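J.: Mind having a look at this structure? Questions to follow.
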Amino acid sequence: MESRKRSRRSSTTTLTNGNDDDDREEYHGLSRSSRRQPKVDLSKLEVQTLKKYRRAFNLGGVIESKEELVPAVARHFASQVVNEDDILLNFAFSIKKQYLAKRGLLPKAKAKGKATGKGKK
């Protein structure tokens, strides 16, 4: 049983896509599992959407056909590093905030820039 576990571990660390950065066990402090390949079929997007993505992220180049846009957008999309813990924590806080706001239980926020009587006249 122990030898099976070892062989599984070694096989997962030897899988690479040819990129030297992927050969390392850790990359920018993130484990290999945090850098999973996206399961998004970008070829289903329209050309206009792919062009907007290219402009929004300054991918550059003059790529007009969908056949050229899809791989360029997919490479950029796959290269994005996501901290799952932060995402989940922010999601949980936003759900809690929505819950409290619907019930009127959020504390009143202080207005920014409101005159307090001190300072310039």
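J.: Please go through the stretch 89-121 and pick out each residue that is of a type outside the set (Lys, Arg), at pLDDT 80 or above and assigned to a loop (DSSP other than H, G, I, E, B).
T.: Within the stretch 89-121, GLY104, LEU105, LEU106, PRO107 meet the criteria.
J.: Restricting the search to the stretch 55-88, which residues are open to solvent by 90 Å² or more (accessible area, probe 1.4 Å), among the aliphatic types (A, V, I, L, M) and assigned to a helix (DSSP H, G or I)?
T.: ILE87, LEU88 - these are the residues of the stretch 55-88 that are open to solvent by 90 Å² or more (accessible area, probe 1.4 Å), among the aliphatic types (A, V, I, L, M) and assigned to a helix (DSSP H, G or I).
The values are calculated or read from the model by the stated rules, or taken from the named source; none is laboratory data. From a predicted model like this one, the values you see are computed outputs, not experimental measurements. The area values use the complete protein model at the heavy-atom level, side chains included, leaving out ligands, DNA and RNA. Shrake-Rupley method; radii C 1.70, N 1.55, O 1.52, S 1.80 Å.
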